[in-house]
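Single-structure report; data block below.
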Amino acid sequence: MNDLSNLKLAVIGLGYVGLPLAVEFGKHRSVVGFDINEARVKELESGQDHTLEIEPEDLVEAKHLTFTTDLEALGPCNCFIVTVPTPIDEHKRPDLTPLIRASETVGKVLKAGDLVIYESTVYPGATEEECVPVLEGLSGLTFNQDFFVGYSPERINPGDKEHRLTTITKVTAGSTPEATDLVDALYREIITAGTHKAASIKVAEAAKVIENTQRDLNIALINELAMIFNKMGIDTEEVLNAAGSKWNFLPFRPGLVGGHCIGVDPYYLTHKAKALGYHPEIILAGRRLNDGMGAYVAARLVKAMTQKRIHVDGSRILIMGLSFKENCPDLRNTRVVDIGQELEDYNCRVDFFDPWVSPAEAKEEYGIELIPTLQPGSYDGIVLAVAHREFRAMGAKAIRDLGKDPHVLYDLKYLLEPQEADLRL
């Protein structure tokens, strides 16, 4: 196995996770950034990043970073960091296709002494049970004899300008004690917050997958409490503020649970649990509740419109925000689309407006045509679905002016004061 000074890095996958990693390493050592998407590589070579995770000046500062779609460019590399997505399919089962394809790519160029590090979120055991056999099969090399593997789960939080790659503690692990030490030393070059050595790759995989499972369950609890408080006529935010006056009350808020992690990772853990003969109850109950929030929001809006004698069939609804979180263009697994689909089942005409999202991406991913501008006096219902700073800056009056007389304004994100909205989550 090569030592730290001789490592020549390649980052496989240049999305929300891979690009920040390649850029940080590229400020210090030679890095090849590899992606199969030619448009993405050309964009980065031009100094732009449509995900907005990396500023143009950061790309300039990463002087030792090059981008490519050419497999041959990976030949001189001896340390490969895999940062591809790990989504779920339509049946909510883990889809390891991107991970297997990336492993095949690495396997074709793998040499004796090389190190392969995975960052993609998986169930415990996946790295060694699913990826390593692919590497062995294509390279003809023997695991832990000719090549070694590490795992260091990503903790990227899209749109978060405070908690960045370098300021978040990095969990590290390797397939041997020596590999663990090398993986840990490599990441300590760029992670100012420090690292945490896990006892094994499986422990590191499990740690990652429960981080977001825990958040998912906490949000599910608050979502269920919000449903109960709504029936009681109690404002959920006021309850949470009161409870939050105790030092150990956790500050979770109700809402839609989407994105590349929280709404996906629990299914990786439950998949593995079922394969071992255990049927998870609490984790899946939380998932069912959170996955049903779009339908709940739509039903409450329709009920409120009916109470105001607004004809629902043929009504016009504006949904403000489409990305899965505020101040971010990320559309992955956004659950805002669920609200629109439910309202369309009521025969409502639904418009989506989001100043952060690419119209082309919204069309490609979800078949949604974003409206380019907001038209006052047009809507029977308005849903504030994402807390973009632009919506906060508009204020209640400007948002209200978008509605007809009468209309219903539903604030899912507590952007407005309680008296300024008709409904809050």
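Yes/no matrix, rows are residues, columns are (1) buried (at least 16 other Cβ atoms within 10 Å of the Cβ); (2) at pLDDT 95 or above; (3) not in a loop (DSSP other than H, G, I, E, B):
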site	(1), (2), (3)
Leu99	yes, yes, yes
Val132	yes, yes, yes
Leu135	yes, yes, yes
Gly159	yes, no, no
Ala179	yes, yes, yes
Tyr187	yes, yes, yes
Ile190	yes, yes, no
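Listed by position, the helices (runs of 4 or more DSSP H) enclosed by region 196-292 that each have at least 3 residues that are more than 22 Å from Ala421 (Cβ to Cβ) and of a type in the set (Lys, Arg) are 201-232. Among residues of region 40-54 that are buried (at least 16 other Cβ atoms within 10 Å of the Cβ), those with a Cβ under 6 angstrom from a residue that is charged (D, E, K, R), sequence gap 6+ or separate chain, pair up as Val41/Asp35.
Here's a check for you: in region 369-389, which residue that is over 28 Å from the mean Cα position of the chain (by Cα) and among the polar types (S, T, N, Q) is most open to solvent (accessible area, probe 1.4 Å)? Within region 369-389, the match that is most open to solvent (accessible area, probe 1.4 Å) is Gln375. The residue that is farthest from Phe143 (Cα to Cα), among those in region 157-174 that are of a type outside the set (Val, Ile, Thr) and touching a Leu at 6+ places or on another chain (Cβ under 9 Å), is Gly159. Scanning region 335-358 for residues that are out of contact with any Pro (no Cβ under 9 Å at 6 or more places or on another chain), part of a loop (DSSP other than H, G, I, E, B) and surrounded by fewer than 20 Cβ atoms within 10 Å (Cβ to Cβ) yields Tyr346, Asn347, Pro355. Scanning region 327-362 for residues that are closer than 11 Å to Ala298 by Cα and not β-branched (Val, Ile, Thr) yields Asp338, Gly340, Gln341, Glu342, Leu343, Glu344, Asp345, Tyr346, Cys348.
Quick one: Phe148 ticks every box in (1) within 19 Å of Leu19 (Cα to Cα); (2) open to solvent by 10 Å² or more (accessible area, probe 1.4 Å); (3) of a type outside the set (Asp, Glu); (4) touching a residue at least 40 places away in the same chain (Cβ under 8 Å) bar one, so which box is it? With (1) within 19 Å of Leu19 (Cα to Cα); (2) open to solvent by 10 Å² or more (accessible area, probe 1.4 Å); (3) of a type outside the set (Asp, Glu); (4) touching a residue at least 40 places away in the same chain (Cβ under 8 Å) applied to Phe148, the lone miss is (1).
The values are calculated or read from the model by the stated rules, or taken from the named source; none is laboratory data. The shown structure was predicted, so the numbers you read here are calculated from the model rather than taken from an experiment. Cβ: placed from backbone, ideal geometry, glycine included. Neighbour counts: every protein chain shown. Surface accessibility is based on the protein's heavy atoms, side chains included, excluding ligands, DNA and RNA. Shrake-Rupley method; radii C 1.70, N 1.55, O 1.52, S 1.80 Å.
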